[in-house]
């Protein structure tokens, strides 16, 4: 059974890139949201197994959205996918309970590895260390 | 702190690394830094950094560069103006993320940036309270010129005017 993924990113291009990477894999994109408010509403509707979350978005930013999502749904798996990657945001993502942090620009392997890690680690923040090993880190 | 960044070559190096890396990894664009002039058919994508290091940042490029980037990202030759705009905004968004991360590495503080704005045409930032600026020029082998502009603003919000995208004036 495919794992349901919800993409939260205000960029149509980032959404397309993620959809293309996940196409034909064990993951099924069940929803794409352009902002935090939409994501919080959509979560209850689609109950995704994993949420990819951008940080810089109109309205509520991605980290605040993730925090609210985790408070309402402690079981939620959130993978932060953003170019805004430095100690403060990475640590905040960990504190919130994100399963990982993928730096933009991402490639196929980085996304697939982070997805696999998110489903293989129950311990919050394990994937964040993976993100730190990105080439630009 | 902002002046200290500008006093050495760190900011220029940071900006150069950000645009070079993102251009290559995001869109497969190889840019060479050199003195060059934009054509008359350009596009601009810009934003404002708020909080620490208030600044205006703009990327002006020949339209052909953005079209080439859009074709690369979309995987097809036929791209629409909307494709070009969306790709340019995401490209610039990632560059800004790299700049902010680099500023954090240098100073342990980081600004947040607003959603990038795209304009068909030249729209260089024109702001009050400019403390320093850095302009980097690039040439793409086949498709034209690119100019990255960073305008650091005075920390005192009464001296500068960095808040709100609408406050970024254009100087064509």
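Below is a table of values for the structure above.
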quantity: Matching residues, segment B:112-126, being away from chain A (no Cβ under 14 Å) and more than 14 Å from residue B:89 (Cα to Cα); calculated: B:121, B:122, B:123, B:124, B:125, B:126
quantity: Subset of segment B:59-85 [without any contact (Cβ under 8 Å) to a residue 12 or more places away in the chain and either more than 13 Å from chain A (Cβ to nearest Cβ) or not in a loop (DSSP other than H, G, I, E, B) (or both)]; calculated: B:71, B:77, B:78, B:82
quantity: Residue in segment A:11-20 that is in contact with a helix residue (DSSP H, G or I) (Cβ under 6 Å, 6 or more places away or on another chain), surrounded by fewer than 24 Cβ atoms within 10 Å (Cβ to Cβ) and not in a loop (DSSP other than H, G, I, E, B) present; calculated: yes
quantity: Residue in segment B:100-107 that is facing another protein chain (nearest Cβ under 10 Å), in contact with a strand residue (DSSP E or B) (Cβ under 7 Å, 6 or more places away or on another chain), touching a residue at least 24 places away in the same chain (Cβ under 8 Å) and outside any strand (DSSP E or B) present; calculated: yes
quantity: Which listed residue is touching a residue at least 60 places away in the same chain (Cβ under 8 Å), more than 14 Å from chain A (Cβ to nearest Cβ), surrounded by fewer than 21 Cβ atoms within 10 Å (Cβ to Cβ) and touching a strand residue (DSSP E or B) at 6+ places or on another chain (Cβ under 6 Å), from B:136, B:148, B:153; calculated: B:136
quantity: Every residue from segment A:26-57 that is exposed (fewer than 15 other Cβ atoms within 10 Å of the Cβ) and not in a helix (DSSP H, G or I); calculated: A:26, A:28, A:47
quantity: Hits in segment A:97-118 (condition: assigned to a loop (DSSP other than H, G, I, E, B), more than 14 Å from every other protein chain (Cβ to nearest Cβ) and without any contact (Cβ under 8 Å) to a residue 40 or more places away in the chain); calculated: A:97
quantity: Segment A:72-91: number of residues that are under 22 Å from residue A:5 (Cα atoms), more than 11 Å from chain B (Cβ to nearest Cβ) and more than 9 Å from the chain's Cα centre (by Cα); calculated: 5
quantity: Boolean, residue B:16 is buried (at least 19 other Cβ atoms within 10 Å of the Cβ) and assigned to a helix (DSSP H, G or I); calculated: no
quantity: Yes/no for residue A:38 being closer than 26 Å to residue B:70 by Cβ, away from chain B (no Cβ under 14 Å) and at pLDDT 95 or above; calculated: yes
quantity: Pick from segment A:76-96, criterion modelled with pLDDT of 95 or more and not in a helix (DSSP H, G or I), ranking: surrounded by the fewest Cβ atoms within 10 Å (Cβ to Cβ); calculated: A:76
quantity: Boolean, residue A:60 is within 14 Å of the chain's Cα centre (by Cα), in a loop (DSSP other than H, G, I, E, B) and within 23 Å of residue A:94 (Cβ to Cβ); calculated: no
quantity: Conditions (1) at negative phi; (2) buried (at least 16 other Cβ atoms within 10 Å of the Cβ); (3) at pLDDT below 90: number failed by residue B:8; calculated: (2)
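The values are calculated or read from the model by the stated rules, or taken from the named source; none is laboratory data. Just so it is clear, the model here is predicted, and its values are computed rather than measured. All Cβ positions, even for glycine, are placed from backbone atoms using ideal geometry, and neighbour counts span all protein chains on display.
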